[in-house]
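Comments concern the structure below.
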Amino acid sequence: MTPFLSATSPRLRRRMIGSSASGLAITACHVLQGICLAGLVGTLLGDTSLGGAASPFPWLAGFAVLILIKGVLIWVSEIIAQSTAQATKEELRQRLLTHLIDLGPGVTLRRQTGDLQATIVGGVEAVESYYSRYLPAIIVAVIGCAGVLAVLALVDWPSALLLGAFVVAFPLLDRFWMRWQMPAVSGVFAAMGAFGAELLDALQGILTLKTFNASQAWRHRLSARADALASESIRAAAVTMMRTGVTGFVTLSGTALVVSVDAWRVAAGELSPFALFLALFLTREAFRPLDRLEKEFHTAWAAGGAMQSIRDLLALEAPVHEPASPAPCPHRTDIAFDAVDFSYDGSDTPALSSVSFTVRENEFVAIVGPSGAGKSTIATLLPRFFDPDRGAIRIGGTDIRTLSLGTLRRLIGAVSQDTTLFSGTIAENLRLANPDATEIELRAALEAAHLAPLINSLPQGLDTPLGERGAGLSGGQRQRLAIARALLKDAPILLLDEATSNVDPASEKAIQAAIDGFRGRRTLIVIAHRLSTVAAADRVLVFERGRLVEAGSPQSLAIAGGAFARLAFTEGDVL
Amino acid sequence: MTPTPSSSLPGASGLFGLLPLIRGDRRLKLLLTLCSGILAQGGTLATMATLAWIAGRAIGGAAPETLVPAFLVLVIVVPVAAGGRWWQAHISHDFAFTLIGDLQIGIYDGLERAAPASILGRRTGELASVATGDAELMEMFYAHTLADYVGAVIVPLAALAGLAAIHPLAALTLLPFLLLVASVPAWLSRRAGREGEKVLGELGHLNAETVEFIQSQRELSLFGRGRDALAKLMARTAALGAAQRRYGSRAGLEYAAIDALTALAVLAAALVGLMLLGSGAIGLPLLPLIIVLSGGALAPIAEVTQTARKLGELKAGARRILEIFHQKPQIPDTGTQAVPSDTTIRFEDVGFGYDGGRGAVLNGFNCAIRPGETVALVGRSGAGKSTVANLLMRFWDPERGRVSIGGIDIRDLPVPALRRLVAWVPQDIHLFNRTIADNIRLGRPEATDDEVIRAARLAQAHDFIAALPEGYDTLCGERAARLSGGQRQRLAIARALLTGAPILLLDEASSNLDTANERAFQRAFEGIRGQGRTVIMIAHRPSMIRSAERILVLDSGRLAEAGTHAELAASGALYRQLMTLEEAPA
């Protein structure tokens, strides 16, 4: 377990020092309480080593004051631990989220949302205890135990020496045991995790199992696996569980031996009763920080998996970087792909191979091709979610890698097929594109996106809250909201991914209207699925298996009888 | 009064509600778990008591040799206590591991009985992940926490008995402290509950917004708003942290109170002991014993109150598990009739409503579907299309009227026989984390490879399966082949075809298919018609609807219009309205 938040953050370091200090102060209070109690009893029994006639009241008062101080300290230390936890989590989340932004949508959208979310929320919550509890507990264990032994040594060094042997043996044996048994236990936990996943899979498909008369057969198999797993786990765990017995034995036998030896010495007249009482009350204190550490170690160990996933996420390299000295924003918006090769990580087949084409300023270009032809990869490379493996992409003659990401992305408006909306109001979702847009501008954009009648019919109008991920709107309506957003952004280049099928007529009209409105005034690239859209384009680029196979006006391509003609013929109305 | 977990910690009862579910040799294991807890905790207390007694004797001036019998007691008690701890860890894990297996299978059974009904307002698939998590939580409770509770009852009782034997006044001194310490979590329990809920609520917000943040990366980067979204999430983190700090500061107050009370109890015991010593009521050797017993009695209770903060979560988990265990089957499986050879389907005056007072979904629904016919069910959402399918599959039984196949009421058929007659292609397709071949074989595990391939070919799935590097042995899980929606749908069709069922019930997904998949699906659909198989589809796409031999238009739980596309396009007012998809304001 290597901590990835090194103690470089002063905010975190201050808190961890505070945690350790309050932990040590609590240990000191425990020790002082032991001394006071031993002193009180010793004085009242007339222990001569304490000065004979001494009054019991100072001991009593000391004890009472310590109760108060310790209570406050316990409270404070819990608050410090919480505050350390808070600082840790803020620091870690800030780093993870910033890293996600740097990685960009190219990387994050190709991963399971659930995994990322688990790392950022649950993972960070789990790891926090490492900093807020485990690390301070180590410091308290080391310094605290040494302190207890030192106090005991001042009164009677042989007792301290004897107790010290056991105190040192405790963590040594524990570590030894854990190292020896850890692999076996980890194996059991892995097997249990695998079974849990299998059970979950079956439960999520239980209706399918039921309708195919398969649920009883699966139940038998699951039940047999569960039984086998339980007995396997027990066999593996039997030795590990001995650890609790071993540490218990060290604690109890250490305490028993020290007190017995001291009692013998008192009985033989070699030791004062005060020292015996002190040994009786302090041995427990010597083991207390170790007990605590053992418990925290358990939690910290359980966080090991979360640590790994956080570390893996942080180790991902951003696919694109900001240029050191960004070029100025180009004046023209013609686009050139120049011999572009690209493959996604972990894929053997190239998504694009030596693709070259140009789109003139304010031209309307339709991109067509079967699924997997590389159409959406073009829409991914243009805003630099990834960089090409080879070749270059230029806007207005400037290589987009030399532009700052902010400048580049301000040039591009996009409407994708699956638009994500936030769980804010409709107005808030629109203002994402332009925070300063007035209500009149919002309404104009909605009008242009054929969404105004719908929004106006809502009781709360623009202030209608959308549910999680835009729930409450149909797919077509969401796409129209995305169009309104793109209109508000008013970028010189518009990338539009037309929905494949099954779009309601109003949404289709909205897309048409957006295309018409931008036509000749903006550079327009449409990933097209509809023959009507394609027929209206200035030029069509036909892709197949990552290659540009044909390019030309729709009319000329239809006559040429190549790939485009084949596509148009087989698809009928829908491309 | 002795603090018992159920009385001192409000609400623990939900957990103990699970105990009746423990049967057979599990009971013995539970009993042994309790015994081991007593042995471990009692052994520790006995060790400390013996030591205190030895110290008292030594200070009282006993000769060293007279201590030897007590040393011998230690030689026995210490290993017994340590062994008890080990045994406790072992047996409680044994018990918990077996129990978690029982709970998991019980959850499986309960969800199987209930599906597809929702439980606790959640769909079964959604509940599955919650329930398996709950079962694992129970492992923690029974393996670790339960024995601590045993200790928290037994040790104070034993200590109290020991003190009473020394002198009743010593026991009376301890008693109020016992009650006070045990009641600490109850002092602020309402605030604790409120604060706990606040923490969970904030965590929920953070989760939801993190998902949004991840899924909207494209929009955020294109609009250059990533930093703003980051700031919003960090504000959420801070809000969660603030809620957790409030919760933690209250918990810290409780620890402080418990610690102070324990110290006060020790002080009181020391003073009372000294007083009794002064009055000659007890001898000197018993003084340290009184102090140690008083301190030792409170330690296990303090331990338990620290774990009490997790109880709310455990209790909720136990309640969910119990709810699932108590699910009754939706329908009785008592039919004994033989399977009819005629597969005419009839709905006769069927009335049905899902419970919960949502009103009737089907109301006097009548229709007959001939063998070999291809029928499309259409209608607005809520018109009752899915309910027709649910009743035909006997997920529920009608309230009025009857559903028959070949003239036999389907309630009179054994359920497995009915489900061999009707194969189902659901809208949400679940592929199990097994090979593609296993997934296709689901309804007929004994099918040969040739039969599997034939079904896949018919469903237009063979080509894409064969193109995968591992072909039919490709795993369908999350991490393995990522199949598109259209590919999954065709696998589900192959699965249904392989069963050889004469009736196919197809719930078409309303989501988009890309063009290649759309065409493949059309071909698959052509392939499965016209082999004497009855096809009933709940259709959304105009092309699918047009291709049916007969279209049944449902409206408010009744059959409103029926006929071919041409007939309905000419005379069906409702059908025309549906097909033009005129948008009504949401």
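Each Lys and Arg Cβ is given +1 and each Asp and Glu Cβ -1; about its Cα centre, the protein assembly as shown then shows a dipole of about 620 debye. Along the range A:252-268 the Karplus relation, 6.51 cos²θ - 1.76 cosθ + 1.60 evaluated at θ = phi - 60°, assigns HN-Hα couplings of 5, 5, x, 4, 4, 5, 4, 5, 4, 4, 5, 4, 4, 5, 5, 4, 7 Hz to successive residues, with x for each Gly and Pro.
Bridging of A:Lys89 to lysines at a Cα separation below 20 Å is possible for B:Lys198, B:Lys232, once same-chain residues fewer than 8 apart are set aside.
The B-A contact accounts for roughly 11900 square angstrom of buried accessible surface, both chains included, probe 1.4 angstrom. Rg and Dmax, both from the Cα atoms of the range B:210-289 and both in Å, are 28.9, 88. Between B:Gln577 and A:Arg11, the distance separating the two model label sites (each 7 Å from Cα on the Cα→Cβ line) works out to 5.9 nm.
Placing dummy labels 7 Å off each Cα toward the beta-carbon, the span from A:Asp436 to A:Gln94 is 2.9 nm. FRET efficiency for the pair B:Arg558 and B:Gln531, taken as 1/(1 + (r/R0)^6) with r the Cβ-Cβ distance and R0 = 25 Å, rounds to 0.20. With N the number of residues in the range B:157-223, Rg(Cα) / (2.2 N^0.38 Å) evaluates to 2.38.
Tell me what chain B gives for mean residue ellipticity at 222 nm when only DSSP H runs of n ≥ 4 count, each as -39,500 (n - 2.57), the sum divided by the residue total, rounded to 500 deg cm²/dmol. All intermediate terms of the calculation are to be shown ahead of the outcome.
On the way: 22 runs with 355 residues, N = 586.
Calculated from helices alone, the mean residue ellipticity at 222 nm is -20000 deg cm²/dmol.
Which residues of the range B:412-437 end up with at least 40 Å² less accessible area in the presence of all protein chains than when their chain stands alone, using a 1.4 Å probe? Those residues are B:Arg419, B:Trp424, B:His430, B:Phe432, B:Arg434. Rounded to the nearest 0.05, the FRET efficiency derived from the C-beta distance between B:Cys35 and A:Asp115 at R0 = 41 Å is 0.40. Diffusion coefficient of the range B:267-416 by Stokes-Einstein, Kirkwood radius over Cα pairs, 20 °C, 1.002 mPa s: 98 µm²/s. How far is helix B:189-215 tilted off the main Cα axis of chain B, in degrees rounded to 10, range 0 to 90? For helix B:189-215, the angle is close to 40 degrees.
If we count every other residue with Cβ under 13 angstrom of A:Gly520's Cβ, Lys/Arg +1 and Asp/Glu -1, where does the sum land? In short, 0. Can you give the FRET efficiency for A:Ala190 and B:Leu200, using 1/(1 + (r/R0)^6), R0 = 35 Å, r = Cβ-Cβ distance, to the nearest 0.05? Efficiency computed from Cβ-Cβ geometry: 0.75.
The C-alpha radius of gyration of the range A:157-270, expressed as a fraction of 2.2 N^0.38 Å, stands at 1.86. One way to sum up the overall shape of the range A:412-490 is the equivalent ellipsoid from its Cα gyration tensor, whose semi-axes run 16, 15, 12 Å, largest first. Applying the Karplus relation 6.51 cos²θ - 1.76 cosθ + 1.60 with θ = phi - 60° to the range A:519-524 yields 3J(HN,Hα) values of 3, x, 10, 9, 7, 10 Hz, where x marks Gly and Pro. Of the residues B:Ala235, B:Ile107, B:Gly42, the one whose Cα sits farthest towards the positive end of the charge dipole of the range B:12-325 is B:Ala235 (charges of +1 on Lys and Arg Cβ, -1 on Asp and Glu Cβ, taken about the Cα centre). Partners of A:Lys295 within straight-line reach, counting aspartates and glutamates whose Cα lies under 18 Å from its Cα and excluding those fewer than 8 residues away in the same chain: A:Glu78, A:Glu125, A:Glu128, A:Asp174, A:Glu285, B:Glu139, B:Asp148, B:Glu303. With respect to chain B, whose longest principal axis is taken over its alpha-carbon atoms, helix B:25-59 is tilted by about 20°. Along each principal axis, taking the top coordinate minus the bottom one, the Cα set of chain A gives 117, 59, 51 Å in descending order. Please list, by residue number, everything in the range A:384-416 whose backbone N is under 17 Å from a paramagnetic label point 7 Å out along Cα→Cβ of A:Ser325. Answer for this model: A:399, A:401-404. Taking every Cα-Cα distance in chain B and sorting them into 20 Å bins starting at zero, the pair-distance distribution P(r) comes out as 15, 34, 27, 16, 7, 0 percent. Only lysines eight or more places from B:Lys328 in sequence, or on another chain, were considered; those with a Cα closer than 16 Å are A:Lys210.
Helix A:157-204 and the longest principal axis of the C-alpha atoms of chain A enclose an angle of approximately 30°.
With the simple model of a label 7 Å out from the Cα in the direction of the Cβ, A:Ala150 to A:Leu458 spans 6.7 nm. When shorter helices are ignored and each DSSP H run of at least 4 residues is given -39500 (n - 2.57), the per-residue value for chain A at 222 nm works out to -21000 deg cm²/dmol. Normalising the Debye intensity of the protein assembly as shown to I(0), with uniform scatterers on Cα atoms only, and taking log10 at q = 0.06, 0.07, 0.08, 0.09 Å⁻¹ returns -0.65, -0.83, -1.00, -1.15.
The values are calculated or read from the model by the stated rules, or taken from the named source; none is laboratory data. All of these numbers come straight from a predicted model, not from anything done at the bench. All Cβ positions, even for glycine, are placed from backbone atoms using ideal geometry, and neighbour counts span all protein chains on display. What goes into the accessible areas is simple: the full protein's heavy atoms, side chains included, and nothing from ligands, DNA or RNA. Shrake-Rupley method; radii C 1.70, N 1.55, O 1.52, S 1.80 Å.
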